Amino acid sequence: MLAAIGVESLQELFDRQIPPAVRLERALALPEGLGEQEVYEHLRALAERNTSTEQQVSFLGGGAYDHYVPAVVDMITERSEFLTPYTPYQPEVAQGGLQVMFEYQTAISELTALPVSNASVYEGPSAVAAAAYMAKLHNGRGRIVVSAGLHPHSIATLRTYARGYGMEVLEVPLRDGVTDAAAWSEAIDADTSAAVFAQPNFYGAVEDAAGLAKAAKAAGADGAPVLVAQVDPITLGVLAPPGECGIDVAVGEGQALGNRLDFGGPSFGLFAAREEYLRRMPGRIAGATVDLDGRRGFVLTLQTREQHIRREKATSNICTAQALNALAAVVYLSWLGRRGICELGELLLARTHYAREQLAAIDGVEKLHEQPIVREFAVRLDADVAAVRRRCLRGGINPGLDLHALTGREADRGGLLVAITERRSRAEIDRLAEALARALDAERRAEAPSETLVA
């Protein structure tokens with residue numbers, strides 16, 4: 001092969017292609033190889049350093065949740081025809097894979113009340129950034145207005161992307177736990193390309209989605225911005241869907257739909273929009289048709305990815321669509337059904353309300369806000385959150401997320417974000433309350449100054 005391309009050695013090939021400034025110029029610092037048995041023991045030792053939600057009662061949330069995944073999800077996603085294929089570069093051959101995409105899109109459209117869904121993107125934060133880029137392509141403006149209630153990871157991703165395509169990100173503060181409506185209206189002007197908020201927001205509060213949408217449309221009267229909502233799909237069984245609230249684009253993290261935590265992933269991002277944005281949406285859209293014999297079939301209707309046909313005109317550079325994770329979502333939603341997702345939402349409402357009231361009754365705990373909540377809420381502790389969490393963890397309970405550690409915002413110091421799923425029973429919530437009370441009491445005693453004896 002070297003002779004065929006006209007080089008003497010592999011090193012010469014590298015020397016021709018790799019600039020000297022980026023060469024390592026030394027051997028990689030890797031240990032000597034091991035036998036299979038030794039590698040297994042090493043990996044097992046590494047795995048034992050992890051703690052899973054099977055080993056502790058977890059109230060962690062903030063974007064990834066310990067939901068129950070029914071066996072039917074594994075049964076279908078582990079079938080080889082779904083587990084092994086990659087991107088369908090000859091899509092008409094992959095009828096089963098295309099039907100999965102089509103059914104997934106249908107489910108997301110029904111869930112969000114928006115007419116068009118793509119066949120998924122990477123995950124929640126990049127879906128937010130993709131929506132903002134789509135808005136820029138749609139109206140050519142240079143500013144993104146974003147609520148401080150958006151997930152911090154989404155805001156960070158949005159800022160990173162925005163810098164690349166020359167846009168400004170303006171953050172609107174919260175008031176009483178939700179987006180400050182007056183500041184939201186004031187921030188949106190004729191140069192606003194997109195206005196973005198979360199429903200529910202990062203602190204668990206249910207936003208006035210219709211009110212924010214109406215204000216955004218009125219504030220951008222000379223040309224309304226694209227209104228983007230980052231939604232939690234599990235809550236859409238009880239909250240008004242974004243399409244009915246005047247929202248143009250709904251994006252979100254799909255992990256809660258039939259995907260496990262898996263120590264951080266993978267998951268997928270959902271993306272649904274009004275029909276006017278159809279040709280600028282990222283990713284792929286599968287459609288249903290009939291063949292020459294009148295039989296139902298499926299095709300890739302639109303593909304905006306650079307890897308297919310669009311090249312430099314592409315609106316997406318994502319080279320995969322997390323299709324297996326999206327399949328898990330549509331299996332999970334089919335298993336739940338229309339009635340099931342409503343019942344799940346009602347269950348979460350009841351348990352989350354019970355949990356917030358139980359924790360707020362503890363000495364040293366207060367609600368961070370009084371807004372309605374669905375499956376997550378924030379409280380403020382009168383002690384160091386990291387120390388309290390360590391004490392609870394020693395008792396086998398993860399009490400939630402340290403807000404300040406994640407956001408870095410001074411206003412979040414002392415904040416604890418607690419998430420409830422259907423796996424968290426009333427008895428476990430009571431255990432959390434007891435553990436939190438003991439940990440706070442222990443911290444107060446540890447911080448109390450010792451008595452000084454005077455002779």
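The values are calculated or read from the model by the stated rules, or taken from the named source; none is laboratory data. It should be emphasised that the depicted structure is a prediction, and the values quoted were computed from it without experimental measurement. No Cβ is skipped: glycine too gets one built from the backbone with ideal geometry, and neighbour counts run over all protein chains shown.
Tabulated data for the structure shown
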| read-out | value |
| --- | --- |
| Which listed residue, of Ile429, Ile362, is out of contact with any Asp or Glu (no Cβ under 7 Å at 6 or more places or on another chain), more than 18 Å from Leu174 (Cβ to Cβ), not in a helix (DSSP H, G or I) and not polar (S, T, N, Q) | Ile362 |
| Some residue of the stretch 15-24 being among the polar types (S, T, N, Q) and in contact with a helix residue (DSSP H, G or I) (Cβ under 8 Å, 6 or more places away or on another chain) | no |
| Of the criteria (1) out of contact with any helix residue (DSSP H, G or I) (no Cβ under 6 Å at 6 or more places or on another chain); (2) aliphatic (A, V, I, L, M); (3) in contact (Cβ under 8 Å) with a residue 40 or more places away in the chain, which one Leu137 fails | (1) |
| Residue that is modelled with the lowest pLDDT, among those in the stretch 279-312 that are part of a strand (DSSP E or B) and among the hydroxyl-bearing types (Ser, Thr, Tyr) | Thr301 |
| Tabulated pairs, the stretch 238-261, first farther than 21 Å from Val331 by Cβ, second of a type in the set (D, E, K, R) and in a loop (DSSP other than H, G, I, E, B), C-beta under 6 angstrom, 6+ apart or interchain | Asp248/Arg274 |
| Arg445 being more than 28 Å from the chain's Cα centre (by Cα), basic (Lys, Arg) and in a helix (DSSP H, G or I) | yes |
| Qualifying position, being of a type in the set (S, T, N, Q), in the same structural domain as Ser117 (by TED's automatic domain parsing) and over 21 Å from the mean Cα position of the chain (by Cα), among Ser147, Ser154, Ser185 | Ser185 |
| Unmet requirement for Ala216, which otherwise passes all of (1) more than 21 Å from the chain's Cα centre (by Cα); (2) closer than 24 Å to Leu236 by Cα; (3) buried (at least 21 other Cβ atoms within 10 Å of the Cβ); (4) modelled with pLDDT of 95 or more | (4) |
| Subset of the stretch 157-168 (residues that are over 16 Å from the mean Cα position of the chain (by Cα), under 16 Å from Ala127 (Cα atoms) and of a type in the set (A, V, I, L, M, F, W, C)) | Ala162 |
| Criterion: out of contact with any Lys or Arg (no Cβ under 7 Å at 6 or more places or on another chain) and either in a loop (DSSP other than H, G, I, E, B) or under 30 Å from Ala435 (Cβ atoms) (or both) - qualifying residue of Arg26, Arg16 | Arg26 |
| Tally, over the stretch 365-385, of residues that are basic (Lys, Arg) and part of a loop (DSSP other than H, G, I, E, B) | 1 |
| Odd one out for Arg49, checked against (1) over 30 Å from Leu300 (Cα atoms); (2) within 23 Å of the chain's Cα centre (by Cα) | (2) |
| Helices (runs of 4 or more DSSP H) completely within the stretch 67-181 that count 2 or more residues being at pLDDT below 90 | 80-83, 95-112 |
| Conditions (1) modelled with pLDDT of 90 or more; (2) part of a strand (DSSP E or B); (3) surrounded by fewer than 24 Cβ atoms within 10 Å (Cβ to Cβ); (4) touching a Pro at 6+ places or on another chain (Cβ under 9 Å); number of the one not met by Phe271 | (3) |
| Test: residue in the stretch 366-377 that is among the polar types (S, T, N, Q), closer than 14 Å to Leu432 by Cβ and not assigned by TED's automatic domain parsing to the domain that holds Ala113 | no |
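For every residue, the table says whether it meets (1) in contact (Cβ under 8 Å) with a residue 60 or more places away in the chain; (2) exposed (fewer than 11 other Cβ atoms within 10 Å of the Cβ).
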position: Leu2; (1), (2): no, no
position: Ser9; (1), (2): no, yes
position: Val22; (1), (2): no, yes
position: Glu48; (1), (2): no, yes
position: Gly63; (1), (2): yes, no
